[in-house]
Amino acid sequence: MSYNVKLNVFEGPLDLLLFFIKRDEINIYDIPIADITREYLTYIGIMESLNLHIAGEFIVMAAMLISIKAQMLLPRQVNQEAEETEDPRTELVAMLLEYKQFKEAAMRLRSLEEYQARYHAVQAHNPTTDFDPDLFLTDVNLLDIGRFFKKLLDKMPRPTYYQIETIKTTISQQSQIIRALFENRHRMRFSEIARRLKNRIEVVVTFLAILEMIRAAEISVSQKTVFGELWLTRKVQEPAHVIANS
Amino acid sequence: MLSPTHRIIEALLFSAREPLTTEQACLALQETVDLGILVNELNEHYDQSQSPVWIQSVAEGYRLMTRPEFDPYVRRLFQSRGRVKLSASALESLAIIAYKQPVTRIDIDAIRGVDSGATLRTLIEKNLVAARGRQDGPGRPLLYCTTPHFLEYFGLNTIRDLPGIKEIEALFSDSAEQSEPQQDASE
């Protein structure tokens, strides 16, 4: 006997039994238990031979079928009180009928599902109350992201570094230079010294040197007009003690 | 011709994410209206203007939907809307819950003759089914019911619109205590 059954199609033992009933046009109220039990067990055999995991429910149903079959083989108890003896198949029939009802209901749901699937809701995206605008980016291009990144960087506490350079220029050094520039002259323009100065520190130190030389009465400074040229005048004294002072 | 009220209802339907109820419409309009009548008039207007949308009465509310003839196009554009159909076992369990609610998992297992735990979890995840209370008795098992989303999914207005519920009820007439009060009201 060949079996042409699709495996995995059956939802459970009841489904399998309903398949046999439908295929063989069996009257559900008068199930030939011997035949259907043989069919059922053969199917389980096929599942076993295919190394399929047989769910416990199938085994339970097999036991039920065999039990019914056994009861039907036994001579019926003569029950005098009841008019009819109960058919051992009654419980199984009730189970099959109930399951069949819901299987049909499931098919109706399937057709409703297929029907409704053709309608598509006009979908609105509701703004939720806990909407966080920072979590959503709309119409953003690469430039916006760059701009945001810059904004973020600007807001960040910036580590500030101060580089402290040792001032290599000294007052005595600048004094020496000034003295050397005078050479044999008595008067000299400040701009002549300034021309040689390379940075702010040198300017400051040179000024300090000039002030120091004034203080030591080595030179004097004169200016004819406001913001005008500064003139440095050398005094005739010996500068030896000035150097010692600095 | 559409009145300003019709247009407001239309706007509400466009902006709603779930079926619009009469209470919601009245709240938004600040007046009492019969949403059903307004919806019918809007649908007539949509019919006359051959609009691609219409208002479906679903899950005790109203929802603006595209007409089925546009399904192939919508589906082609939004592939995610081509819904994954429920499995046979999911539908079986769902049918049992829908017609017999509230039911316990044991009830479902008994009818199907198989364990329905995993299937039930899927249905809960899909928001088609939810636990509503517990049954009195040993273990106080959870009772399961269908959700408003179930009605939407199957295009039903109320649970009473389930096809063939009377036949099913007749089948279980001997177990009257299991029938839903809601279903009794429909009789």
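Of all residues in region B:99-112, those that are more than 7 Å from chain A (Cβ to nearest Cβ), assigned to a helix (DSSP H, G or I) and either open to solvent by less than 10 Å² (accessible area, probe 1.4 Å) or touching a Cys at 6+ places or on another chain (Cβ under 7 Å) (or both) total 1. Evaluating B:Ser87 against the criteria (1) without any contact (Cβ under 8 Å) to a residue 24 or more places away in the chain; (2) surrounded by fewer than 17 Cβ atoms within 10 Å (Cβ to Cβ) leaves one unmet condition, (1).
Counting only residues that are free of Cβ contacts under 8 Å to residues at least 60 places away in the same chain, in a helix (DSSP H, G or I) and over 60 Å from the mean Cα position of the chain (by Cα), region A:154-211 holds 19 of them. Residue pairs whose Cβ atoms lie under 6 Å apart, separated by 6 or more positions or on different chains, with the first residue in region B:130-157 and more than 28 Å from B:Tyr62 (Cβ to Cβ) and within 14 Å of chain A (Cβ to nearest Cβ) and the second hydroxyl-bearing (Ser, Thr, Tyr) and surrounded by 15 or more Cβ atoms within 10 Å (Cβ to Cβ), do not occur.
The lone criterion from (1) more than 16 Å from the chain's Cα centre (by Cα); (2) closer than 30 Å to B:Pro141 by Cβ; (3) in contact (Cβ under 8 Å) with a residue 12 or more places away in the chain left unmet by B:His45 is number (2).
The values are calculated or read from the model by the stated rules, or taken from the named source; none is laboratory data. Since this is a predicted model, take the numbers as computed values, not measurements. Note that each Cβ is placed from the backbone with ideal geometry, even for glycine, and that neighbours are counted across all protein chains shown. We work out accessible area using only protein heavy atoms, side chains counted, and drop any ligands, DNA or RNA first. Shrake-Rupley method; radii C 1.70, N 1.55, O 1.52, S 1.80 Å.
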